[in-house]
1. Where in the range 50-129 are the helices (runs of 4 or more DSSP H), entirely inside, with at least 3 residues that are β-branched (V, I, T) and touching a helix residue (DSSP H, G or I) at 6+ places or on another chain (Cβ under 7 Å)?
2. Collect the residues in the range 91-141 that are of a type in the set (D, E) and modelled with pLDDT under 95, keeping them in residue-number order.
3. Only one of T88, T51, T79, T94 is open to solvent by less than 40 Å² (accessible area, probe 1.4 Å), out of contact with any Phe, Trp or Tyr (no Cβ under 6 Å at 6 or more places or on another chain) and without any contact (Cβ under 8 Å) to a residue 60 or more places away in the chain; which?
4. For the range 109-131, which residues satisfy the criterion of being surrounded by 13 or more Cβ atoms within 10 Å (Cβ to Cβ) and either without any contact (Cβ under 8 Å) to a residue 24 or more places away in the chain or of a type in the set (S, T, N, Q) (or both)?
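The values are calculated or read from the model by the stated rules, or taken from the named source; none is laboratory data. These figures come from a predicted structure and were not determined experimentally. No Cβ is skipped: glycine too gets one built from the backbone with ideal geometry, and neighbour counts run over all protein chains shown. Just so you know, the surface numbers come from the protein's heavy atoms only, side chains and all, with ligands and any DNA or RNA stripped out. Shrake-Rupley method; radii C 1.70, N 1.55, O 1.52, S 1.80 Å.
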Amino acid sequence: MTTWKKLAFLALVVGFAGAAVAAGFHHGRAGFMKDRIAARVNKALDEIQATPQQREVVEQAENDIVNAIQAKSQARRGTHQALLEAFTADNFDTQAVQAFADARAQDVKDLAAVVIPSLQKVHDALTPEQRAKLGELARQHHRDRHGGFGGE
């Protein structure tokens, strides 16, 4: 598998973890979600036999990403209510819905500005063999959760 595919796949895994964190923050379970993510990351690091130095790099990347997601989540409080109001009003508020969409697009760009450099640091810290093993673990997780249909 090419390097860009591995990075894209790792970004997808991190993205799913980020979505889980965001959902946890949204429902008041931030600590629980952080613990679940940390447990999964540590399990993966154990599987690839990461060194203490590699673990530091990965943990820093994890913290940076989780903190960025948490900050975005807190900043978005109340936006869904505004979207619902725009939709349920007598006159559909196109500008409000477009502003909502634009804000979400900016959120993705802002998070990418944190996630991509963090993934680069993790990539650089791991050996090719470790990245291959991590990719296989992620593919296995995907197959286990989705039955392997249309995923690759």
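1. 52-75, 94-125
2. Residues satisfying the conditions are D93, D102, D107, D110, E136.
3. T79
4. Across the range 109-131, the qualifying residues are A112, S118, T127, Q130.
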